[in-house]
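A.B. asks: Attaching a single structure in structure tokens format; questions to follow.
What follows is calculated from the coordinates using simple rules that are stated; it is not laboratory data. In this text, all values refer to a predicted model and were calculated from it rather than measured experimentally. Reconstructed Cβ throughout: ideal geometry from the backbone, glycine too, with neighbour counts over all protein chains shown.
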Ligand SMILES: Nc1nc2c(ncn2[C@@H]2O[C@H](COP(=O)(O)OP(=O)(O)OP(=O)(O)O)[C@@H](O)[C@H]2O)c(=O)[nH]1
Ligand SMILES: [Mg+2]
């Protein structure tokens, strides 16, 4: 599962990527600086890991990770091949969620491809290109399915109806994620079409240092504009945070963050949000060798969670011993949790909860 950073050229996408990841992307003050996507595996900050570490005192601690991709900038006409056009759109298609970066800072020295700062226009430019690309995909599918539908094939007729609804929505400038379909149509036709505007999205407003805490007038416009989208809007002083990331010393970084009014980097918040956007959650294993956060889809079962560690664990799954994170911390150790009768034994149909501390029993 990976989240892609999307937006107009020169709005700070690569700078943001560099705040998140140790894999350094090239960032410069000219449009289309990025061509090939930069991929980074980013640790998900989780204070619960430090708590568990303090209790268990393990040899090592491993956080959950999420994959972030920094993608080339998109301009008007991209769906028709302008700018880096189709290549860019292909890169977005391969991601599972979109982090849409909007420039919300004034600075005459930083080139804006459309001449002036206007996050709403920028958002609409990007949305429209993505929608046009989806429209192209839908039209191609329609061409294929039409004939079969005419001959009376019931399945083809159902698909055609869904495609026509997608087409009408996209032509009206509505992203697929905002269109409503029955669960069945969603599973059978919409999901397999892998449309770009069906992917979950969050907006990242790139602001100047002074606006890092409470945003600014541009951010207000963005919030107002997307209020019906049910999407998160995150305010982040990307340039400033990139500078802070460069500092080697933890104390020094905290001092600079405090200076601009933050208790943790906005990028940490962003990573956690991206993780949620990807529908991911964490369970822990806690032993003296290693305390570790593992990633599973929301809704994963016990065996599926075990499978993240090793496929044999999934195949040979017998049962899981589960301690809620809160209980682990409240009682202070696995032994004390057991004593208190708070350790649960769960079977194959158990649905994993975020924060579960788990131990698997299996045979191979
Ligand atoms: N003042 C200011 N400059 C910024 C900020 N974020 C990025 N920049 C600058 O804007 C320029 C473009 O940043 P990049 O991160 O390369 O932009 P990009 O969106 O990756 O651009 P492309 O790869 O060309 O699509 C660089 O010179 C950055 O230093 C910011 O928050 N404030
Ligand atoms: Mg870039």
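A.B. asks: Once each part is reduced to its C-alpha centroid, what is the distance from the stretch 302-352 to the stretch 87-128 in angstrom?
C.D. replies: Cα centres, the stretch 302-352 to the stretch 87-128: 43 Å.
A.B. asks: Something else: When the C-alpha atoms of the stretch 138-182 are aligned to their principal axes, what extent does each axis show, in angstrom, from largest down?
C.D. replies: The principal-axis extents, from largest down, are 31, 22, 11 Å.
A.B. asks: May I have the convex hull volume per residue, in Å³, for the Cα set of the chain?
C.D. replies: 167 Å³
A.B. asks: In addition: What is the distance in Å between the Cα centroid of the stretch 187-211 and that of the stretch 267-292?
C.D. replies: Cα centroid to Cα centroid, the span is 21 Å.
A.B. asks: In what sequence, highest mean first, do 119-131, 68-80, 8-20, 143-155 appear when ranked by Cβ atoms within 10 angstrom? It would help to have the intermediate numbers written out before the result.
C.D. replies: Working: 119-131: 19.5, 68-80: 21.8, 8-20: 25.5, 143-155: 12.3.
Peptide ranking by packing, descending: 8-20, 68-80, 119-131, 143-155.
A.B. asks: Something else about it: Hey, what's the per residue convex hull volume over the C-alpha atoms of the stretch 182-321, in cubic angstrom? Walk me through the intermediate numbers first.
C.D. replies: On the way: hull volume 26.3 nm³, N = 140.
Considering the Cα atoms of the stretch 182-321, their hull volume per residue is 188 Å³.
A.B. asks: Which of the peptides 56-62, 311-317 is most tightly packed, and how do the rest follow, judged by the mean count of other Cβ atoms within 10 Å per residue? Before the final figure, lay out the partial values.
C.D. replies: Working: 56-62: 13.4, 311-317: 15.7.
My ranking of the peptides, most packed first, is 311-317, 56-62.
A.B. asks: What FRET efficiency comes out for the pair residue 157/residue 120, r = Cβ-Cβ distance, R0 = 35 Å, nearest 0.05? Display every interim value, and only then the final one.
C.D. replies: Values: r = 40 Å, r/R0 = 1.13.
Taking R0 as 35 Å, the efficiency between residue 157 and residue 120 is 0.35.
A.B. asks: Let me ask something else. Using Cα pairs under 8 angstrom and six or more residues apart, how large is the relative contact order of the chain, in percent? Each step should come with its number before you reach the end.
C.D. replies: Values: 671 pairs, mean separation 66.8, N = 364.
Computed value for the chain: 18 percent relative contact order.
A.B. asks: Quick one: give the max-minus-min coordinate of the C-alpha atoms of the stretch 193-244 along each principal axis, largest first, in Å.
C.D. replies: 41, 24, 11
A.B. asks: What is the P(r) of the stretch 166-220, as percent of Cα-Cα pairs per 10 Å bin from 0?
C.D. replies: Histogramming the stretch 166-220 at 10 Å steps yields 20, 35, 19, 21, 5 percent.
A.B. asks: Cα extents of the stretch 1-135 along the three principal axes, largest first, in whole Å?
C.D. replies: Projected onto the principal axes, the Cα atoms of the stretch 1-135 cover 55, 35, 24 Å.
A.B. asks: Now, a different point. Rg over Rh of the stretch 32-93, using C-alpha atoms and the Kirkwood radius, what does it come to?
C.D. replies: Numbers: Rg = 19.0 Å, Rh = 14.4 Å.
Result for the stretch 32-93 is an Rg/Rh of 1.32.
A.B. asks: Right, next: Got a sec? Which residues in the stretch 175-204 would a label at residue 140 touch, if it sits 7 Å along Cα→Cβ and we count backbone N under 15 Å?
C.D. replies: Counting only backbone N, you get 192-197.
A.B. asks: Next question. Using all alpha carbons of the stretch 85-214, what is the percent of pairwise distances in each 5 Å bin, ordered from the shortest bin to the longest?
C.D. replies: The distribution over the stretch 85-214 is 2, 9, 17, 18, 16, 12, 9, 6, 5, 3, 2, 1, 0, given as percents.
A.B. asks: Show that you can apply the helix-only estimate: for the chain, add -39,500 (n - 2.57) for every DSSP H stretch of four or more residues, divide by all residues, and state [θ] at 222 nm to the nearest 500. Intermediate values should be presented prior to the final figure.
C.D. replies: Numbers: 13 runs with 143 residues, N = 364.
Taken over the chain, the calculation gives -12000 deg cm²/dmol.
A.B. asks: If you don't mind, another one. Once you have the Cα-Cα distance between residue 290 and residue 213, take 0.36 nm times their residue separation minus that, and quote the gain in nm to one decimal. The partial results should precede the final answer.
C.D. replies: On the way: separation 77, 0.36 × 77 = 27.72 nm, distance 3.63 nm.
Extra length available between residue 290 and residue 213 comes to 24.1 nm.
A.B. asks: Counting only Cα atoms, I'd like the Rg/Rh figure for the stretch 228-299, Kirkwood definition for Rh. If you can, show how the numbers build up before the last one.
C.D. replies: On the way: Rg = 15.9 Å, Rh = 14.7 Å.
My calculation puts Rg/Rh at 1.08.
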